[in-house]
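Just below is one structure, and these are the notes that go with it.
The values are calculated or read from the model by the stated rules, or taken from the named source; none is laboratory data. Just so it is clear, the model here is predicted, and its values are computed rather than measured. Glycine gets a Cβ as well: all are built from the backbone with ideal geometry, and neighbour counts include every protein chain shown. Side chains included, ligands, DNA and RNA excluded: accessible areas come from the protein's heavy atoms. Shrake-Rupley method; radii C 1.70, N 1.55, O 1.52, S 1.80 Å.
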Amino acid sequence: GLANGRFDVIAYGILATSELKDSLLLTSPIVLNRQVLVQRKTDSPDDSLFIKSQLDLAGKTLNVVEGSPSILRIRNLGNEIGDTIYIKEVEKSEQLIALVAHGDIDYAVCEESIARAAADSLPQIDINTAISFTQFYSWGVSKQSPVLLDSLNAWLERFKKGKEYQKIYKRYY
């Protein structure tokens with residue numbers, strides 16, 4: 001939609017990746033977030049399913065939302081640890097964390113803010129293993145709209161200093 005002029009702005013937290021920077025302009029960061037592993041808590045220190053570090057992901061299957069930016073990160077992580085991490089893409093994310101909590105799947109990867117919100121109602125999940133570094137999330141603007149980008153950035157900088165932004169941030173992140 002941005003490329004053909006149907007839309008002016010993608011006002012949604014987009015993970016700022018080098019691939020996206022080639023195709024659109026990104027505003028100054030709206031929030032910081034990271035990808036985390038969602039797994040069930042364990043009582044046994046010898047539980048072979050429980051992931052304590054990223055190195056333990058070798059040979060495991062991680063469930064992610066189809067097309068998620070975390071897929072690239074998981075592939076890179078597999079290269080970094082020198083082993084295969086399997087990825088299963090699922091269409092919808094709404095139930096992904098619940099599927100882990102109820103034992104239908106062992107692992108999922110999602111944004112930490114989403115995982116934290118779910119952990120409040122699903123105390124049996126563990127979200128303490130980071131999959132990515134903290135990353136910037138921004139809005140997107142067409143490459144042909146640098147003036148709009150400048151205006152949005154100016155507005156965002158003012159808005160982020162206000163009380164409304166703090167209320168929104170606390171509620172959703």
Residues of segment 51-69 being among the hydrophobic types (A, V, I, L, M, F, W, C) and either in contact with a Phe, Trp or Tyr (Cβ under 6 Å, 6 or more places away or on another chain) or open to solvent by 40 Å² or more (accessible area, probe 1.4 Å) (or both), in sequence order, are 55, 62, 65
Pick from segment 4-23, criterion free of Cβ contacts under 8 Å to residues at least 60 places away in the same chain and among the charged types (D, E, K, R), ranking: nearest to residue 70 (Cα to Cα): 19
Within segment 28-50, the residues that are within 23 Å of residue 82 (Cα to Cα), part of a strand (DSSP E or B) and either open to solvent by 30 Å² or more (accessible area, probe 1.4 Å) or polar (S, T, N, Q) (or both) are 35, 39
Given the criterion under 16 Å from the mean Cα position of the chain (by Cα) and among the acidic types (Asp, Glu), identify the matching residue among 164, 80, 111, 157. 111
Suppose we keep only residues that are open to solvent by 50 Å² or more (accessible area, probe 1.4 Å) and part of a strand (DSSP E or B) within segment 11-27. Which one would you say is farthest from residue 87 (Cα to Cα)? 11
Pairs, first farther than 18 Å from residue 117 by Cβ in segment 32-56, second modelled with pLDDT of 90 or more and open to solvent by 50 Å² or more (accessible area, probe 1.4 Å), C-beta under 6 Å, six or more apart: 49/106
